[in-house]
Structure formats: structure tokens, C-alpha cells
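**Student:** Here it is, the structure in full.
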Amino acid sequence: MSTQRKRTVVLISGRGSNMTALIAAASDPAFPAEIVGVISDKADAAGLGIAKARGIATQVISRADHGSKQAHDAAIDAALVAFKAEIVALAGYMRILTPGFVQKWQGRMINIHPALLPAFKGLDTHARALAAGIRIHGCTVHFVTSEMDDGPIIAQAAVPVMVGDNADALAARVLKTEHRLYPLALGLVAEGKARMEAGRTVLAHFADDADNSTSVVMAPDPLREETDLEHLARITP
Ligand code: GRF
């Protein structure tokens, strides 16, 4: 198994809590991806220390050290190649990547966004969700394409908006769910169960039983206890 695990590099800019969740999931040798490196565009990203403490190679590639956005992305690309990366996971990476870079890694680069896309692309999603008065919020993992927060969706998780929530409370509730969703989605991509084809995500059917007599579209193990549809249907408030 270990030789087939997909070599994954995580790109961060800050706190790194999603990165930490991916590292934790990949510490299980049965997980289909291994985290071989973490790259940050910020030398002071808190996530760097966390990755180092877990024995993961880290690299800082800052924009200020490069003359243009293209040169910056070329340096990141060179680092990814040196890591022999097969998958790139953006986890709070706060820069828009150049089209050439995105094109090169398309289908192999994924991102987590703290909203149910296509709603609330961009920043400040929780405050905007509260201002809009929505009752169901959530998070999305998607393949990265050249339009920001616009690529084909791999997985989503819904989170209720509670009466009295402020942006911080809602963000904390969504973040907890992000930490479950991102490892699930990375696992799907690493196993080839979620692939990007012709601008869409193709999800494999998951064999439910060893004899393959039944299959379901989505019931990966980490969420299996919640696959009861009535359980999944949440009504708020
Ligand atoms: C997360 O909310 C993620 O969805 C968004 O940026 C935030 C990063 O947080 N893209 P962390 O660095 O993973 O803690």
C-alpha cells in the first residue's frame, strides 16, 4: 500500500488547521495519500511549525522574493516537482494562482472553501452568509480551475446556522466540518474515486458489499454513520 499512496503537497498561508487534519488522516498508513511536504508563501504561517513538529518537510516560497506572479508560481511548481507531488492540496493558501500553473496541475489540485459553492465565493463567507440570512451553510472541496472558487465540486458538508450565531461562532462550526470533509475528499481523489473529466467531477460508485451486488454513489467510510437520508436532512432553526 505505502508505495501506491499519492504524494501530496499542501499549500498554506496561515493557521494550517486543515493542513493539520490532512496530516493526521495521512498518518494512517491505510490512507491513500501521504503528505510529503508543506509550502507556505508566508514565513510566519503558524502551520509551518505544526508541519515541522510532525516531521513533514516545509518550504517558504514568498512572493517578495520573486519579480512577478509568474516567477513566484514557477518557483512553487519547481518545488512541487522536487517533492514529486502527485496531488496539490490548497489549505488556506491566500493567493490567486496564475493560469499556466492552474492548467498544469488541473485535475490534481484541490481546494477547500468555507461555503456551499457556488454560493459565497471569495472572502468573509461566514459574515456574508449571516447577512443573507441563510439557514444552511457549509463547506466545499473542489478541483481548482482558473476561475476562483469555481472548479468542479468533489464533496460538500452542510452546517446549520443557529439563532444567535455571529461570524466567529459560525466559522468555528464550519471549520470543524472542514476538518472531516477535506481528508475525505483528498482520499477520494487519491484513490481515483473522484476524477476531473471534461470540466466536471466524476464520482465512482462505491461498492457497498464485497460481492458488489449493491453499490451506492456516496457512502465513504468516515461518514458512513450519517448516510441515513433522514438523518442527513436537516431542518433549521
Ligand atoms: C479555511 O476556512 C479554508 O476553508 C479557507 O481558509 C481557511 C484556512 O484555515 N480556504 P486553516 O489555515 O486551514 O486553519
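The values are calculated or read from the model by the stated rules, or taken from the named source; none is laboratory data. Model, not experiment: these values are computed from the prediction. Cβ placement follows ideal geometry from the backbone for every residue including glycine, while neighbour counts extend to all protein chains displayed. Areas reflect the complete protein model, heavy atoms only, side chains present, ligands, DNA and RNA absent. Shrake-Rupley method; radii C 1.70, N 1.55, O 1.52, S 1.80 Å.
Here's the yes/no breakdown for (1) open to solvent by less than 30 Å² (accessible area, probe 1.4 Å); (2) farther than 23 Å from V202 by Cβ; (3) more than 16 Å from the ligand (Cβ to nearest atom); (4) among the aliphatic types (A, V, I, L, M):
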| site | (1), (2), (3), (4) |
| --- | --- |
| V81 | no, yes, yes, yes |
| K84 | no, yes, yes, no |
| L90 | yes, no, no, yes |
| R95 | no, yes, no, no |
| A115 | yes, yes, no, yes |
| D149 | yes, no, no, no |
| V163 | no, yes, yes, yes |
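**Student:** In addition: Starting from the range 12-23, keep only residues that are at pLDDT 95 or above, then list their pairs with residues that are near the ligand (Cβ under 7 Å from one of its atoms) and among the β-branched types (V, I, T) whose Cβ atoms are within a distance under 8 Å, requiring at least 6 positions of separation or different chains.
**Tutor:** If the second residue must be near the ligand (Cβ under 7 Å from one of its atoms) and among the β-branched types (V, I, T), the pairs left are N18/I112; M19/I12.
**Student:** Here is a follow-up. Would you mind telling me which numbered condition in (1) open to solvent by 70 Å² or more (accessible area, probe 1.4 Å); (2) more than 13 Å from the chain's Cα centre (by Cα) R108 fails?
**Tutor:** Just one mismatch for R108, condition (2).
**Student:** Of everything in the range 40-81, what is closer than 20 Å to E178 by Cβ and either of a type in the set (A, V, I, L, M, F, W, C) or modelled with pLDDT under 95 (or both)? Give them in sequence order.
**Tutor:** Passing the criteria: A45, A46, L48, I50, A51, I56.
**Student:** Still on this model: Can you tell me how many residues in the range 82-98 are assigned to a loop (DSSP other than H, G, I, E, B) and hydrophobic (A, V, I, L, M, F, W, C)?
**Tutor:** Within the range 82-98, residues that are assigned to a loop (DSSP other than H, G, I, E, B) and hydrophobic (A, V, I, L, M, F, W, C) number 6.
**Student:** Going by what's in this entry, would A185 be described as touching a residue at least 40 places away in the same chain (Cβ under 8 Å), assigned to a helix (DSSP H, G or I) and more than 14 Å from the chain's Cα centre (by Cα)?
**Tutor:** In short, no.
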